[in-house]
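First the structure, in the form of structure tokens, and then the observations on it.
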Amino acid sequence: MKVTLDNIRERESRHVLQTYRRQPVAFIRGSGAYLYDVDGRKYLDCVSGIGVTSLGHAHPGLTAVIADQAATLLHTSNLYYHPFQAEAAVRLAELSGLPRAFFCNSGTEAVEACLKFARRYWHTQGVTDRTGFVAVMGAFSGRTLGALSVTHDEHYREPFGPLIGPVTFVDPLKPEALAEAVTAKTAAIIAEPILGEGGIRPMTPAFAAAINEVCARTGTLFIADEVQTGLGRTGYPFYSRALGLDPDLMSVGKALGGGVPVGAALVSERVSRMVSPGDHGSTYGGNLLGTRAAAFVLDQLMNGLIDHVKVVGAHLERRLRALALQHQAIVEVRGAGLMRGLEVSTDAMAIVNDARDRGLLVNRTDEVVVRLLPPLTIDTGEIDRAIEVLDGVFSTASQRARI
């Protein structure tokens, strides 16, 4: 039977739990910055699996590494040593400045680990009531109970309460609120350097300075949620460092395996000294396939890819700002590197749908923002093609608005 979008949708409707609102397209192949659907149609991918396929699709080097490891040994568990956790951890330490890594399977799991390690830090010292967290309005850290607890949107939170607490949310545009929110019972502050699902909103220098001041004065730990911003996405290894922040813990995921599920909680020496064997674990976490893929991706980042992102990210910003001057529907251009958002005054989902119909994949976040997260390997010609499509989409939207 020929694979078609209709038969895929029909089978999913009967057997897959309906937790996703999928767009009407099914992909079966990719190459570089492009995806191909079941009918063979080609799409320029500026979503990259929500920032996951950092090296593009079917990257020859990553493909070879995955194939070799799959043919050699996939999994042994954390009962035993293998070579690749250390390889990936060394590279992560060099890029982040945090000396230790706990490997897991996703960014959400990395956030969970960071929250646990923050509480463990205080418990080990006998401060058993320092269990609260301060998070940021607009934050999205994941959907498991701990990560959901520091995610701001009530749409995600309300059906699953009571969540882990206490958690206090502060307005990132009001840095003075941070000092009041942090108390003697706060274990850690957690924040994304750029809000991802919250609309591609970079943290202000004033808020970053407030985090540094409060943490230095109170001893409160800082968790940088770098799941979306980390690993070269912004043109920096980790964007928290670009803001002058000094995290005690950092969550990473998404881009780390180039499409292979792997995440990591990165941990400072002072926190790691308070963690004991048995405090956390994962059956699949840090398996040979995931960490070998991660080590390969990290090698690419450390050998020219981050510099490439700086160049093409600046090109993307110039082209988007020029596009905004041509179309009144674009309210603001935000972001850094290859993490960009267009806040629009028109229907953002209509922009996404029209772009897809024209062969360009972008997505919507925070209801009114069109988000671009292309592969880190995208080139300037492909960026120009994406802008050309968006120009046509916004022109059409403008014509509809005048009718």
> Which condition number does LEU373 fail, the rest of (1) modelled with pLDDT of 95 or more; (2) more than 22 Å from GLY230 (Cβ to Cβ) being met?
Replying inline: (2)
>> From the list GLY304, GLY281, GLY313, exactly one residue is closer than 17 Å to PRO375 by Cβ and surrounded by fewer than 16 Cβ atoms within 10 Å (Cβ to Cβ). Which is it?
In response: GLY304
> In region 84-97, what count of residues is obtained for those that are assigned to a helix (DSSP H, G or I) and either touching a Phe, Trp or Tyr at 6+ places or on another chain (Cβ under 9 Å) or surrounded by 24 or more Cβ atoms within 10 Å (Cβ to Cβ) (or both)?
Replying inline: 6
>> outside the structural domain of LEU231 (by TED's automatic domain parsing), under 23 Å from PRO375 (Cβ atoms) and either in contact with a Ser or Thr (Cβ under 6 Å, 6 or more places away or on another chain) or surrounded by 11 or more Cβ atoms within 10 Å (Cβ to Cβ) (or both): is that true of GLN23 in this structure?
In response: yes
> Among the strands (runs of 3 or more DSSP E) contained in region 297-390, which hold 3 or more residues that are in contact with a Leu (Cβ under 8 Å, 6 or more places away or on another chain) and outside the structural domain of PRO202 (by TED's automatic domain parsing)?
Replying inline: 330-336, 339-344, 369-372
> On the given criteria, is THR76 loosely packed, with under 12 Cβ neighbours inside 10 Å, in a loop (DSSP other than H, G, I, E, B) and not assigned by TED's automatic domain parsing to the domain that holds LEU390?
Replying inline: yes
> Got a sec? Which of PRO277, PRO247 is free of Cβ contacts under 8 Å to residues at least 24 places away in the same chain and part of a loop (DSSP other than H, G, I, E, B)?
Replying inline: PRO277
> Which residues, counting only those in region 263-284, are under 18 Å from the mean Cα position of the chain (by Cα) and of a type outside the set (A, V, I, L, M)?
Replying inline: GLY263
>> Checking the condition surrounded by fewer than 21 Cβ atoms within 10 Å (Cβ to Cβ) and in contact with a Leu (Cβ under 7 Å, 6 or more places away or on another chain), which residue from LEU288, LEU266 passes?
In response: LEU288
>> Checking the condition crowded, with 19+ Cβ neighbours inside 10 Å and in contact (Cβ under 8 Å) with a residue 24 or more places away in the chain, which residue from THR365, THR380 passes?
In response: THR365
> Applying the selection to region 388-402, what residues are small (Gly, Ala, Ser) and modelled with pLDDT of 80 or more?
Replying inline: GLY392, SER395, ALA397, SER398
> If you check LEU323 against the conditions, is it more than 25 Å from the chain's Cα centre (by Cα) and at pLDDT 95 or above?
Replying inline: yes
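Here's the yes/no breakdown for (1) over 17 Å from the mean Cα position of the chain (by Cα); (2) of a type in the set (A, V, I, L, M):
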| residue | (1), (2) |
| --- | --- |
| THR124 | yes, no |
| ASP129 | yes, no |
| GLY138 | no, no |
| THR144 | no, no |
| VAL150 | no, yes |
| HIS155 | yes, no |
| GLU158 | yes, no |
| PRO166 | yes, no |
| PHE169 | yes, no |
>> Being part of a strand (DSSP E or B) and free of Cβ contacts under 8 Å to residues at least 24 places away in the same chain is the filter here; which residues of region 30-67 pass it?
In response: TYR34, TYR36
> Counting only residues that are crowded, with 18+ Cβ neighbours inside 10 Å and of a type in the set (S, T, N, Q), which one in region 98-130 is farthest from PHE169 (Cα to Cα)?
Replying inline: ASN105
>> Among the residues of region 17-27, are any in contact (Cβ under 8 Å) with a residue 24 or more places away in the chain and under 24 Å from the mean Cα position of the chain (by Cα)?
In response: yes
> Restricted to region 1-18, and to residues that are of a type in the set (D, E, K, R) and assigned to a helix (DSSP H, G or I), which residue is surrounded by the fewest Cβ atoms within 10 Å (Cβ to Cβ)?
Replying inline: ARG14
> Residue check: is GLY49 exposed (fewer than 12 other Cβ atoms within 10 Å of the Cβ) and among the small types (Gly, Ala, Ser)?
Replying inline: no
>> Checking the structure you have, find out if any residue of region 99-106 is more than 22 Å from GLY142 (Cα to Cα), assigned to a loop (DSSP other than H, G, I, E, B) and in the same structural domain as THR131 (by TED's automatic domain parsing).
In response: yes
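The values are calculated or read from the model by the stated rules, or taken from the named source; none is laboratory data. As the structure is a prediction and not an experimental result, all values here were calculated from the model. When we count neighbours, we look across all protein chains shown, and the Cβ atoms used for this are built from the backbone with ideal geometry, even at glycine.
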